[in-house]
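The block underneath contains the structure these notes are about, expressed in structure tokens.
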Amino acid sequence: MLEDTSFAIHPGQKKQMKDTNYKDIGNVLEVVKTDNGASVKTESGTLFIKFYRDDIVRFVFNPFGETTLKSSPALITDGEKTEVSVSEKNGEILLTSAKLQVYLDKSPLRITVTDPDGRLLVKEGAKGMGYKESKEIICFKEMHPEDHFYGFGEKTGFLDKRGEKMTMWNSDVYAPHNPETDSLYQSIPYFMTLRNGFAHGVFLDNTFKTTFDFRSEEANYSFSAEGGQINYYVMAGPTPKDVLEQYTYLTGRIPIPPKWAIGYHQSRYSYETEQEVRELANNFIEKGIPLDVIYLDIHYMDGYRVFTFDKERFPNPKQLVEDLRAQGIRIVPIVDPGVKEDPEYYIYQEGIRGDFFCKYIEGNIYFGDVWPGNSAFPDFTNSKVRRWWGEKHKFYSDLGIEGIWNDMNEPAVFNETKSMDVKVMHDNDGDPRTHRELHNIYGLMMGEATYSGMKKQLRGNRPFLLTRAGYSGVQRYAAVWTGDNRSFWEHLQMSIPMIMNLGLSGIPFAGADVGGFAHDSNGELLARWTQVGAFTPYFRNHSALGFARQEPWSFGEKYEKIIKRYIELRYKWLPHFYSLFAEAHYTGTPVMRPLMMEYQKDENTYNLSDQFMVGDNVIIAPIMQPAVQHRAVYLPEGNWVDYWTEEVYKGGKHHLVRADLNTLPIFVKQGSILAHGPVKRSTEIKNEKLTLHLYYGEYTSSSFKLYDDDGSTFEYEQGGYLIKTFDVKCEKDQISLTISNEGRYKPAWKEIELVVHGAHENIALFINGEEKYLQKKGDYTLKVTL
Ligand code: GLC
């Protein structure tokens, strides 16, 4: 194509002028106080201002008709009763809650949002809210030189999105994934601003194609949508964790995953036969490499028809699932939305008879080409269709399957636009809308259908769902993997800020294909990538048809040993990870965090894209280049202990650290606690013993919440959990540990071994006020029966 040559920048190819011809929403004509805010009449429509809580306020304006408070399916709440006062002073309207102040300039209408101390969150200046004849809506806000921007879901590039312009339109991008690739599979039209160490959030709940522009103007950023209402929320912060709590109050949090879902997963496009799957499982067992899940990619099906098995390749799936399960391994099959057009295929028949497929306004079904060939697509915006699709999963649950992998649900179609015709209509439960409007929620609604269906079938057991596409709120149903990356070192590097920003977007259960999906991987890359994968929330090795195999042993013994070591390390850390998943469930705080989340006043962390934190006290600084054994590591204030060597590093500065191929640099903050279990070959094996590692450091303190439950049911929603809070206070020659318990779950482990790192023989240890004596066994240890 000519566009792919230098012709693209031929002087004759003038760039289209940007259409800046938008209309302002005009002056305020009247303000009426409402229950949780105000209704503001302007020259071009009505603006609703509604507080959802003291720290969350919503702005809705429809320039083309009646403004409505209807939300997208991202929202799980209508908010709570909030005390709001409305007053007028010097011609300016002021709305106040306990945590926010909204000022309205009347001519023209301009919004300023501050905290009660007057600290600026969002401010409109020369430009405010507007619209275009094309039905586009746009909002401008002032951008300050010290602003940094995070979130936006799944984007390429670095952690801080200042200077970027990003579009939200769920897209199947096989290649390329590089800094120029904008829309990927997820659309999360939300971001967090960090300004002078304080954070606040903005969520534009608009399902049309949206654009967030931090590039085009120096002093303003903008967010816009191709249609629909101006509909955004401002969240007060002031810490990044507060913003996540506020955003996930609106859009929901992850259920606690089944324990098996946070173990190691092995996938390949495809393990093509039952025999191959059995051999794979045996290989893991023989080699003693832990494993919890094997995926079945599209080859398991009969002609890629979902809800079927190919009888020749997989003659007895039930037996396969059962046998593997006895070895502690689960099977997760892929389920795509496209239903093959085939009058002799039961799902297609049911879909036609039930009127479940997406159609044009004229009544004809939309067909698109995907793996099975010409296919119809269930209209997941219709609750009847979601129920039907959910019930169909009995096919899998009857075989003993507890996890599903949703792919191609942007939806992807093999055509020029890569997706469904935007003119297709969705039923939307009796409020029909075009695909142009609802494209971005197709994957979310498929996720709801699948998760709810599986939850019902599993009768009390937790389902696991993995999805490629989503919209805000997808975390309620699914873990997210970042799609078709490649076995490039650059893609390993890119995955870190991408997963961190997913975490900052309310999606804590995320990960990339370890080893890279397309392209040929190699031993060194797979070893380094597995080191990273062991510490990302979702940990799956997946690779594509036609490229080098990349199971842990594929590149010889030297690499296998290292890869095994890090998969084992993941299992050792599982009690710690599980506790962090529980934290994400309760608060929205992600498992894998950028350093800025814990050190929001430290500028060195603001765009740190090649290091991450696991919880609040561990820094991972992976090596992500070939033949490199050294790297610079930034450690924020405090003292940090090398997990492997116990060497103590001073924080607040950079260090040059050596890490041969065997070593992933891990640093633990002094004063804090890690929870470890034994290495085991599957999460199926209960932890009989737990080890707590306490890293002593003079005058340090921390608090760690160890969480446990049965790992498989929803009993935790009814008090069937255990939270053990460990408050650590280290002084000179003394450690005080205060332990408190909550919940009624009785874990398999009865004993905790406490290992104190960095202690010396004269150290006094008090547990709940009682003096205990440490024994010297390399480190100083103590067995505590709890
Ligand atoms: C898509 C998915 C990939 C999968 C393949 C075949 O490319 O992103 O993970 O293996 O389809 O189903």
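By the rule of a C-alpha distance below 13 Å, with chain neighbours fewer than 8 residues away ignored, the aspartates and glutamates paired with Lys394 are Glu402. Checking the cross-link pairs Lys669/Lys729; Lys89/Lys135; Lys259/Lys455; Lys318/Lys686; Lys456/Lys680; Lys89/Lys241 against a 23 Å limit on the alpha carbon distance flags Lys89/Lys135; Lys318/Lys686; Lys456/Lys680; Lys89/Lys241 as lying beyond it. Among the trypsin sites (Lys or Arg not before Pro) found in region 458-525, those both in a DSSP coil and sparsely packed, with 14 or fewer other Cβ atoms within 10 Å of their Cβ, are Arg459. Extension gain for the segment Val648 to Ala8, taken as residue separation times 0.36 nm less the Cα-Cα distance, is 225.0 nm to one decimal.
Amide H contacts of Ala510 (H built 1.01 Å from N, in plane; Pro and chain starts excluded): Val480, Tyr538 sit under 5 Å, all sequence-distant by 5 or more or on other chains. Multiplying the residue separation of Lys776 and Lys70 by 0.36 nm and removing their Cα-Cα distance gives an extension gain of 247.8 nm. Annotation for region 209-262: GluC sites (Glu not before Pro) lying in DSSP loop with at most 14 further Cβ atoms inside 10 Å of their Cβ are Glu217, Glu218. Legend: residue pairs Lys161/Lys558; Lys70/Lys155; Lys50/Lys392; Lys155/Lys650, Cα-Cα distance threshold 30 Å; pairs beyond threshold, Lys161/Lys558; Lys50/Lys392; Lys155/Lys650. Surface exposure of region 595-786, expressed per residue as accessible area with a 1.4 Å probe, stands at 45 Å². Dipole magnitude for region 370-459: computed about the Cα centre from +1 point charges on Lys and Arg Cβ and -1 point charges on Asp and Glu Cβ, it is near 280 debye.
Calculated on C-alpha atoms, the gyration radius of the chain divided by its Kirkwood radius gives an Rg/Rh of 0.97. Of the solvent-accessible surface of region 23-251, computed with a 1.4 Å probe over protein heavy atoms with every protein chain present, carbon and sulfur atoms account for 49 percent. Solvent-accessible surface of region 23-251, taken per residue with a 1.4 Å probe and all protein chains present: 36 Å². Restricting the GluC sites (Glu not before Pro) of region 322-382 to loop positions (DSSP other than H, G, I, E, B) with no more than 12 neighbouring Cβ atoms within 10 Å leaves Glu344, Glu362.
On region 632-786, 48 percent of the accessible area sits on carbon and sulfur atoms, based on a 1.4 Å probe. Count the net charge of all other residues whose Cβ sits under 9 Å from the Cβ of Asp35, scoring Lys and Arg as +1 and Asp and Glu as -1. Local net charge: +3. Summing +1 for each Lys or Arg and -1 for each Asp or Glu among the other residues whose beta-carbon sits under 11 angstrom from that of Tyr695 gives -2.
Which is farthest toward the positive dipole end of region 23-251 among Asn231, Gly26, Thr207, measuring Cα position about the Cα centre, with Cβ charges +1 (Lys, Arg) and -1 (Asp, Glu)? Of Asn231, Gly26, Thr207, it is Gly26.
The values are calculated or read from the model by the stated rules, or taken from the named source; none is laboratory data. From a predicted model like this one, the values you see are computed outputs, not experimental measurements. So basically every Cβ, Gly included, is an ideal-geometry build from the backbone, and we count neighbours across all protein chains shown. Accessible surface areas use protein heavy atoms only, side chains included; no ligands, DNA or RNA. Shrake-Rupley method; radii C 1.70, N 1.55, O 1.52, S 1.80 Å.
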